[in-house]
Amino acid sequence: MCGIVGFFTKTPVYQPRLGACLSAMLIEMTDRGPDSAGVAVYRNPGRRGGTKLSLFSPVEGYDWSTLGSDLTVHVGHVSSLEVRASHAVLDVAAEFSAVKDWLAAHHPEVRVMSAGTHIEIFKEKGLPGLVAGRFRFDEFAGTHALGHTRMATESAVTTEHSHPFSTGLDLCLVHNGSLSNHNRLRRRLERESIEFQTDNDSEVASGYLTWRLSQGASLDEALEAAIADLDGFYTFAVGTKEGFAVLRDPIACKHAVLAETDDWVAMATEYRSIAVLPGAEDARIWEPAPGRIYSWAHA
Amino acid sequence: MIDLDLSQLNLRSVNERLQATLPGANEQSYRVLHPNGCHALAVGLTQPIEVKVEGHVGFYCAGMNQAASVEVAGHAGPGLAENMMSGEVRISGNASQSAGASGHGGLLVVEGDAASRCGISMKGIDIVVGGSIGHFGAFMAQSGRLVVCGDAGAGLGDSIYEATVFVRGEVEGLGADCVEKEMTPDHLKALAALLGQAGMDAKAASFRRYGSARKLYNFDIDHAGAY
C-alpha cells in the first residue's frame with residue numbers, strides 16, 4: 001500500500017501555493033505510506049544549456065558549498081545552490097552527462113535524485129508530515145508537482161528506495177502497487193545500459209520508461225509499451241517538464257481518483273487527498289479507467 | 001433529523017452514535033456533513049434508521065448494513081455497502097470498485113456509474129446501477145440480481161453461480177461460463193418491480209438477461225489433460 005498525489009496548475013492562480021496544496025494532499029496519505037515520502041516539484045527553470053540537479057547526501061551537515069566550488073572549477077559554473085535538509089539543488093552550466101561522470105568519479109557518496117531544467121526531487125524516510133516539514137514543501141511555488149507516501153512491501157526502507165524515481169531529464173515516476181517481473185526486467189534493462197541504484201520494483205518501472213524514451217518513444221508510447229511489458233499491479237503518475245500523466249494497470253488493482261476545476265487538475269490514490277484542496281467541493285471528480293493514459297501538459 | 005458534522009466530530013464517534021440508536025428512540029434520522037472522503041462511514045448499522053450523507057465518501061461506506069437506509073449525495077470509494085445484509089443504500093454519484101461485494105440482501109442503488117467488480121461474490125443482494133459498470137461485474141456472483149441501465153465492461157459474470165444479471169446497454173464481453181438467457185414474463189415482471197423500487201426510469205423489456213451456463217459446476221473429465 002502506498003499513496004500518490006499530484007497537482008497540476010492550469011492557470012497561475014495556485015502556482016504560488018503549489019507546495020502548500022501538495023503538502024496537504026501528501027499528509028492526507030500518511031496512513032497509506034508512513035515509511036517514507038517524497039516530492040517532485042517543477043519550478044524555477046534553470047538556465048538554458050545548463051543542468052539543474054537535486055543531490056542527496058546521507059551525511060549530516062554535508063559540505064555542499066565545497067562541492068559547488070569544485071563543480072565550478074572542474075565541470076561548469078554553479079550559479080545557484082540551495083540546501084534543504086539532506087538535499088541540495090544546484091544549477092550547473094554543463095551537460096548532465098559531464099556532471100554525472102564527474103560526480104561518480106570524485107563524489108560517489110553523493111546521489112543524483114533528479115536532473116533537468118525544471119524538476120527538483122526531495123525524498124526521505126519518515127512520516128510524510130515530518131518529511132514535508134524538513135524540506136519545507138509548503139514554500140514551493142511552481143507549475144506542478146507529484147508526491148508519494150510509501151508503505152514498503154518488497155524492499156528496504158531507505159531514502160534511495162523512496163519515490164519519486166527519476167526516469168530521465170525532467171522526468172520522474174511514482175508508483176502505487178507492486179511488480180512481479182521486476183527482477184527479470186531489471187536484468188534485461190541492465191544489458192541495455194540502464195543503471196539501477198536499488199533492488200526496488202518501482203525503480204525498474206522508472207528504468208523501463210527511461211529506456212523506452214531513450215529509444216525515441218514518446219511518453220504515451222512508452223506507457224503503452226509498459227502495459228504489455230510490466231507484470232503486476234500499479235497506478236503510475238509520471239511527471240514531465242510540461243505536466244503529468246496517470247496510468248492504472250488494465251485490471252485496475254490499485255485505486256486512483258482524478259479531479260479537475262478551471263484552475264487545477266489533481267490526482268490522488270484516495271479522494272481524501274483531493275478534499276483538502278481549495279475548490280474541491282465543486283471539482284469534477286472521476287475514477288481513471290484501467291489501462292488508459294491520462295495526461296495534462298502546459299503548452 | 002440530527003446533524004452530525006464530521007468537520008467537528010471524529011469518525012468513530014459518528015459511527016458509534018449511528019450504531020447506538022435504539023429501536024423506538026425519538027430520533028431515527030441523521031444527516032452526516034463534511035465526510036471528505038472518510039472511510040467506513042455508517043458501517044454496521046443494525047436498526048431501521050435513516051442516514052443521509054452530504055458529500056463524497058471514501059472506502060467501505062455503509063458496509064455490513066442491516067435494516068438501515070443510507071443515502072449518499074456524492075461519490076463513493078471502493079467497497080460501498082460491502083457485505084450488506086438488508087436495508088437500502090443509495091448513492092447519487094459514482095461508486096468505485098467492488099460496490100456491493102458479497103452482499104447478502106437489501107438493495108444497493110448507484111445512480112451514476114460503478115467501476116470494476118461491481119457485485120463481486122454477491123450472495124443475495126439486489127444492485128441497480130443507473131449508469132454503466134466496469135469490468136468483471138458480478139464476478140463469482142452466487143445469488144441476487146445485478147441490474148445495469150448502461151453498459152457493462154469486459155468479463156461480465158465471470159464464473160457466475162446463480163445470480164441474475166440484467167443489462168440494458170452494450171456488454172463488452174462475457175466472462176467464463178456466463179451466457180445470455182431468455183427473458184421470461186416472470187423475469188420481466190420481477191425486473192420491472194425492482195426498477196420501480198430503485199426509482200429507475202427504464203423499461204424492463206429493454207434489458208437482456210445473463211446467467212450461468214453451469215458448465216463450471218462439476219469437473220469435466222475431458223479437461224483432465226489440462227492439469
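Just a few scattered comments:
- Directionally averaged projected area (the protein assembly as shown, Cα convex hull): 27.7 nm².
- Measuring r between the beta carbons of B:SER13 and A:ALA289 and using R0 = 45 Å, the FRET efficiency lands at 0.75.
- Distance from the stretch A:275-290 to the stretch A:115-144 (C-alpha centre basis), Å: 23
- Share antiparallel - DSSP beta bridges, the stretch B:94-214, percent rounded to 5: 30
- FRET efficiency for B:THR184 and B:ARG208, using Cβ-Cβ distance with R0 set to 22 Å, rounded to 0.05: 0.95
- By the beta-carbon count within 10 Å of each Cβ, the least crowded to most crowded order of A:THR11, B:THR21, fewest first, is A:THR11, B:THR21.
- Cut-off 11 Å (backbone N to label point 7 Å along Cα→Cβ of A:THR153), residues of the stretch A:164-184: A:176-180
- Taking every residue in A:269-276 and counting other chain Cβ atoms within 10 Å of its Cβ, the average works out to 6.
- Taking label positions 7 Å along the Cα-Cβ direction at both A:GLU139 and A:ARG184, the computed distance is 4.8 nm, reported to one decimal.
- Given their separation in residues at 0.36 nm each and the Cα-Cα distance between them, A:ALA297 and A:ASP220 gain 26.5 nm when the chain is fully extended.
- Inverse of mean 1/r across different Cα pairs in the stretch B:54-168, Kirkwood, Å: 12.8
- Here B:GLU27 and A:ASN44 are evaluated by their C-beta separation; at R0 = 45 Å the FRET efficiency comes out at 0.20.
- Restricting the stretch A:138-243 to trypsin sites (Lys or Arg not before Pro) that sit in a DSSP loop and have at most 13 other Cβ atoms within 10 Å of their own Cβ leaves nothing.
- Potential lengthening between A:GLU95 and A:ASP263 on full extension [0.36 nm per residue; Cα-Cα distance subtracted]: 57.0 nm
Read the figures in this text as sums done on the coordinates, not as results from a lab. Only a predicted model underlies this, so the values are computations on that prediction, with no experimental measurement involved. Cβ: placed from backbone, ideal geometry, glycine included. Neighbour counts: every protein chain shown.
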